[in-house]
Amino acid sequence: MPDFKYADGDMAAKYSSDAYSYPEFTKAAILEMHRQVGVAKPAEDGLMYRGLMIRHLVMPNRVGGSNKILKWIADNLPKDTYINLMSQYRPMYKAFEYKEISRGITKAEFKEVVDYAKSLGFTNLDIQNWFKD
């Protein structure tokens with residue numbers, strides 16, 4: 001279950017230790033994972049033991065590029081790919097040094113991403129309940 005956090009290398013570099021190539025490596029890894037194991041399929045007991053499920057943490061002020069990430073998934077993987085949209089972003093450590101990520105996300109920001117994911121036609125969205133302290 002890979003995380004796809006940033007669509008833009010500059011944002012990845014700014015907030016995650018100079019990781020300029022994060023989006024390219026993440027995309028390549030996700031495509032390879034899909035090639036190897038395909039889309040996750042629940043077993044008879046309802047659990048998933050094999051297959052691709054992508055996690056995405058929605059960040060404040062569209063910093064992570066959620067819509068770009070979802071569009072890339074829609075363009076490159078089957079619509080039944082499991083996508084876990086997470087709302088629990090909380091600023092930690094050095095996040096307070098950057099105004100744009102120094103707060104949690106708003107309900108409106110999360111809803112915008114969820115609505116966009118639905119509009120792309122994904123059939124297996126795992127939408128986290130609204131997370132609030």
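A few comments on the model shown:
- Among the lysines of the range 9-127, pairs at least eight places apart or on separate chains and with Cα atoms under 16 Å apart come to 11.
- Principal-axis analysis of the Cα atoms of the chain puts helix 66-76 at an angle of about 30° to the longest axis.
- With a cut-off of 15 Å between beta carbons, the residues surrounding ARG35 carry a summed charge of +1, where Lys and Arg count +1 and Asp and Glu -1.
- Centroid-to-centroid separation of the range 3-52 and the range 53-85 [C-alpha atoms, Å]: 9 Å
- At the listed q of 0.10, 0.13, 0.19 Å⁻¹, the Debye profile of the chain, built from one uniform point per Cα, gives log10 I(q)/I(0) equal to -0.33, -0.55, -1.12.
- With R₀ fixed at 30 Å, the C-beta to C-beta distance from SER119 to ARG35 puts the FRET efficiency at about 0.65.
- Modelled spin-label separation between GLN128 and TYR20, with each label point placed 7 Å from Cα along the Cα-to-Cβ direction: 3.0 nm.
- Sites listed here are trypsin sites (Lys or Arg not before Pro) in the range 60-133 whose DSSP assignment is loop and whose Cβ has at most 10 other Cβ atoms within 10 Å: LYS132.
- Assuming charge only on the beta carbon of Lys and Arg (+1) and of Asp and Glu (-1), the dipole of the chain about its Cα centre is about 220 debye to the nearest 20.
- Rounded to the nearest 10 degrees, the inclination of helix 22-37 to the longest alpha-carbon principal axis of the chain is 20 degrees.
- Of ALA117, ALA19, ALA43, the residue with the greatest mean-square motion in the GNM of the chain, using alpha carbon springs below 10 Å, is ALA43.
- Computed lengthening from MET1 to MET48, 0.36 nm per intervening residue step minus Cα-Cα distance: 15.8 nm
- Potential extension, LYS111-ASP75 segment - 0.36 nm per residue separation minus Cα distance: 10.8 nm
- Inter-probe distance in nm under a simple model that places probes 7 Å from Cα toward Cβ, at LYS68 and LYS99: 2.2 nm
- Cα→Cβ-extended label distance, 7 Å offset, between ARG55 and ASN84, nm: 0.5 nm
- Summing charges over all other residues whose Cβ lies under 14 Å from the Cβ of ASP3, with Lys and Arg as +1 and Asp and Glu as -1, gives +2.
Throughout, read-outs are computed from the coordinates displayed, never taken from laboratory work. These figures come from a predicted structure and were not determined experimentally. Because the Cβ atoms are built from the backbone with ideal geometry, glycine has one as well, and the counts that use them run over all protein chains shown.
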